[in-house]
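Written out below as structure tokens is the structure these notes cover.
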């Protein structure tokens, strides 16, 4: 596997051929999931799966649940991102220009939200915690943290 992501006992992985795999750890075997994703796969605390492919298209896996972690299909989400990351109530991403994007309108009733809003700053990598804390790394290797409106530069080089 080139990368692996997990939520409790659910593990998702992508291999070097961009094939997608899922399993319930440790009781089930790996299941191949339809589609191709590159190195951006994210599982929210609720088990919702987001990812991007080599064309920077954004995908959301529909109807994932503990009883059916593989879900039932992919929904294309508008926009282009190299990295997408889902928190409890938010989805964030970074595009090829290192621009930061926040997905508006994400809710249980509308899990893919309503649109992207540009956020000030530039990041190369982004990660969202279980309580929607946002961490990011710039091209200059500075680390930033954001919780709600506050932005803090940890500045580790």
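General observations
- Residues of region 11-23 that are touching a strand residue (DSSP E or B) at 6+ places or on another chain (Cβ under 6 Å), assigned to a strand (DSSP E or B) and either surrounded by fewer than 18 Cβ atoms within 10 Å (Cβ to Cβ) or modelled with pLDDT under 80 (or both): 21 alone.
- Selection count, region 94-110, where residues are touching a residue at least 40 places away in the same chain (Cβ under 8 Å) and either touching a helix residue (DSSP H, G or I) at 6+ places or on another chain (Cβ under 7 Å) or buried (at least 21 other Cβ atoms within 10 Å of the Cβ) (or both): 1
- Residue in region 31-40 that is at positive phi and either in a strand (DSSP E or B) or in contact with a helix residue (DSSP H, G or I) (Cβ under 9 Å, 6 or more places away or on another chain) (or both) present: yes
- For region 67-93, the tally of residues that are modelled with pLDDT under 90, surrounded by 15 or more Cβ atoms within 10 Å (Cβ to Cβ) and either within 11 Å of the chain's Cα centre (by Cα) or not in a loop (DSSP other than H, G, I, E, B) (or both) stands at 2.
- Restricted to region 55-66, and to residues there that are touching a strand residue (DSSP E or B) at 6+ places or on another chain (Cβ under 6 Å) and surrounded by fewer than 18 Cβ atoms within 10 Å (Cβ to Cβ), the residue that is modelled with the highest pLDDT is 56.
The values are calculated or read from the model by the stated rules, or taken from the named source; none is laboratory data. Predicted model, so just to flag it, every value in this text is computed and none were measured. Cβ sites come from the backbone with ideal geometry, for glycine too, and all protein chains shown count toward neighbours.
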